[in-house]
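Below is one structure, written out as structure tokens; comments come after it.
The values are calculated or read from the model by the stated rules, or taken from the named source; none is laboratory data. Note that this is a predicted model, so its numbers are computed, not measured. Glycine also receives a Cβ, built like all others from the backbone with ideal geometry; neighbour counts cover every protein chain displayed. SASA here: full protein model, heavy atoms, side chains in, ligands and nucleic acids out. Shrake-Rupley method; radii C 1.70, N 1.55, O 1.52, S 1.80 Å.
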Amino acid sequence: MNPDLKTQGKQGRRVTWVGAWVNLVLALGKLLAGIYGNSQAMIADAAHSLSDLVTDAVVLLGLKWGRSDPDDRHPFGHGRIETLSTLVVGVVLAALAVGLGYDAIEQLIRGDQHHPTWLALSAAVVSILAKEALYRYTVLVGRRIKSQAVVANAWHHRSDALSSVAVLVGVAGAMINPAWHSLDAWAALVVSLLILKVGGEVLWGALQEMVDTAPSSEVMDSIKHCALGVAGVEQVHDLKVRSIGGRLQMQIHVVVDGELRVSQGHDIAKAVELCLQTEMPDVGEVIVHVDPDDRP
């Protein structure tokens with residue numbers, strides 16, 4: 001395995017394991033706080049933390065297999081596995097949001113009354129602090145190792161922190177004035193909408209990668225500029241770029257003097273490849289085609 005990818009994979013798995021243990025403790029703590037603290041919003045928040053364990057497992061598998069070296073059956077590598085794990089994270093988030101939202105709406109229609117206690121309020125504060133710290137740690141590692149799956153999991157942590165903020169508001173309001181008991185259910189509904197938004201964004205990013213969507217025009221222009229800066233390159237055309245596992249794979253045609261020897265054209269192609277891999281961030285495989293300038 002590529003040493004860099006192996007090291008990055010270890011870092012990604014380490015931060016994900018840390019998140020898994022934190023999620024387990026928080027899920028159990030919030031569930032107990034929701035039950036004994038009489039807060040439906042806190043129970044919904046506990047379900048959110050429990051779903052984090054599922055996505056942690058998916059990300060761990062994606063990092064283990066998605067960063068394996070190419071083989072005979074997978075000559076382009078296994079990066080799609082990491083993309084697929086990101087897709088699963090998005091689906092889990094969206095499904096969870098729909099379920100929690102449905103339960104909250106049912107409670108509002110029935111007029112269920114919940115009068116939360118200080119236990120639920122304290123659990124919300126602890127959850128906010130723990131999940132925000134976990135988000136910052138995870139997103140830092142995810143961006144450093146160029147892993148879309150780890151970054152998506154970080155946003156899952158952030159969505160949990162935001163949902164706990166909504167729970168905090170709902171619980172505090174219901175404690176201040178018992179007549180505002182519906183605030184707890186409204187808080188659960190807000191939690192579901194926040195989770196749905198994050199899940200949709202994660203899903204959209206993964207789907208774009210699955211269908212080989214090209215990067216932004218700024219990235220495409222930077223690639224062309226880098227190639228044109230190599231001595232001997234007269235023009236570039238037919239640039240094709242896609243993202244797999246958070247890394248760019250590209251094909252580019254460069255036009256060189258038609259009178260050059262084959263070895264000289266090869267050297268220019270290798271120089272273009274080196275430029276793109278060193279000057280551009282998140283670059284994986286680069287294929288350079290050399291075309292002769294057939295002008296008189």
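Observations
- Selection within segment 254-273 - surrounded by 14 or more Cβ atoms within 10 Å (Cβ to Cβ) and either in contact with a Ser or Thr (Cβ under 6 Å, 6 or more places away or on another chain) or among the hydrophobic types (A, V, I, L, M, F, W, C) (or both): V254, V255, V256, L260, I268, A269, A271, V272
- Residue match in segment 96-119 (condition: β-branched (V, I, T), surrounded by 18 or more Cβ atoms within 10 Å (Cβ to Cβ) and either in a helix (DSSP H, G or I) or out of contact with any helix residue (DSSP H, G or I) (no Cβ under 7 Å at 6 or more places or on another chain) (or both)): no
- Given (1) under 38 Å from the mean Cα position of the chain (by Cα); (2) part of a helix (DSSP H, G or I); (3) surrounded by 13 or more Cβ atoms within 10 Å (Cβ to Cβ), index of the condition T278 fails: (3)
- Tallying residues that are at pLDDT 75 or above and surrounded by 22 or more Cβ atoms within 10 Å (Cβ to Cβ) within segment 59-86 yields 4.
- Near pairs, Cβ below 6 angstrom, 6+ apart or cross-chain, from segment 126-154 (of a type in the set (D, E, K, R)) to any residue that is open to solvent by less than 60 Å² (accessible area, probe 1.4 Å) and in a helix (DSSP H, G or I): K131/H157; K131/D160; K131/A161; E132/A161
- Segment 155-168, residues that are surrounded by fewer than 24 Cβ atoms within 10 Å (Cβ to Cβ) and either modelled with pLDDT under 80 or in contact with a Gly (Cβ under 8 Å, 6 or more places away or on another chain) (or both): L162, A166
- Odd one out for I176, checked against (1) modelled with pLDDT of 80 or more; (2) within 30 Å of L129 (Cβ to Cβ); (3) in contact with a helix residue (DSSP H, G or I) (Cβ under 8 Å, 6 or more places away or on another chain): (3)
- One residue stands out among those in segment 185-217 that are over 30 Å from S127 (Cβ atoms) and small (G, A, S): the one that is modelled with the highest pLDDT, which is S217.
- Tally of residues being crowded, with 21+ Cβ neighbours inside 10 Å and charged (D, E, K, R) across segment 176-215: 2
- None of G232, G200 is touching a residue at least 12 places away in the same chain (Cβ under 8 Å), small (G, A, S) and at positive phi except G232.
- Of all the listed residues (M250, M220), the sole one being open to solvent by 30 Å² or more (accessible area, probe 1.4 Å) and either under 29 Å from R80 (Cα atoms) or charged (D, E, K, R) (or both) is M220.
- Restricting attention to segment 244-269, the residues being under 30 Å from G9 (Cβ atoms), modelled with pLDDT under 90 and out of contact with any helix residue (DSSP H, G or I) (no Cβ under 7 Å at 6 or more places or on another chain) number 2.
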